[in-house]
Amino acid sequence: MANGKYERIGRELVKHGSIIDIYSDRMSLPDGREENWDFIDHLGAAAVVAVRDDGRILMVRQFRTTVSDYTLELPAGKRDRKGEASSEIAARELSEETGYKADKLELLVGFYTTIAFCNEQIDVYLATGLHKGEQHLDSDEFLSVETYTPEELEQMIYSGKIIDAKTIAGILAYLRRK
């Protein structure tokens, strides 16, 4: 090994997007060789396990181009600006996507979604004391709000009907806590 550590020696912006920026990083490897690695920069996001007083959990069904199909997910969204607290994101997205506001938001779990090449971090919150209001969807959002019992959601995870990682992590963290 030349220097015995990994070191980024260069970074080139390949594409600036509306949600992510894609970079090519020039890396010095522990054995002294150099290689290019892909890196995706994401501001981060938050998701919400919103539990109504009757124990049912609010979910959103929306189209995802990555799988060319509709998916069932926790309400969630990205950070709008650096420094925005994930609890603010969670409260905003819960209100926008479902129309509900919560008396209490509590962090359940936080994680990196795809640590091999992306720095997206999602914090998942438990929302309780829900009050119904009106949805405020973004202009490109078309989704429906559905409710399920925790047991129904667990069954959908293990049967492969729920495929979204943040939703799986959030629901399982809630079930474990419960």
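The values are calculated or read from the model by the stated rules, or taken from the named source; none is laboratory data. Small disclaimer: the values here were computed from a predicted structure and weren't measured. Neighbour counts run over all protein chains shown; Cβ positions are idealised from the backbone, glycine included. Just the protein is used for accessible areas: all its heavy atoms, side chains included, with ligands, DNA and RNA removed. Shrake-Rupley method; radii C 1.70, N 1.55, O 1.52, S 1.80 Å.
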Which number in (1) open to solvent by 60 Å² or more (accessible area, probe 1.4 Å); (2) of a type in the set (Val, Ile, Thr); (3) at pLDDT 95 or above marks the one condition that Ile19 misses?
(3)
Right, Gly83: of a type in the set (Gly, Ala, Ser) and either farther than 30 Å from Arg26 by Cβ or touching a residue at least 40 places away in the same chain (Cβ under 8 Å) (or both) or not?
no
Does Thr128 qualify as being out of contact with any Phe, Trp or Tyr (no Cβ under 7 Å at 6 or more places or on another chain), surrounded by fewer than 16 Cβ atoms within 10 Å (Cβ to Cβ) and among the β-branched types (Val, Ile, Thr)?
yes
Looking only at the range 157-178, which residues are open to solvent by 30 Å² or more (accessible area, probe 1.4 Å) and within 15 Å of the chain's Cα centre (by Cα)?
Ile163, Asp164, Ala165, Ile168, Ala169, Leu172
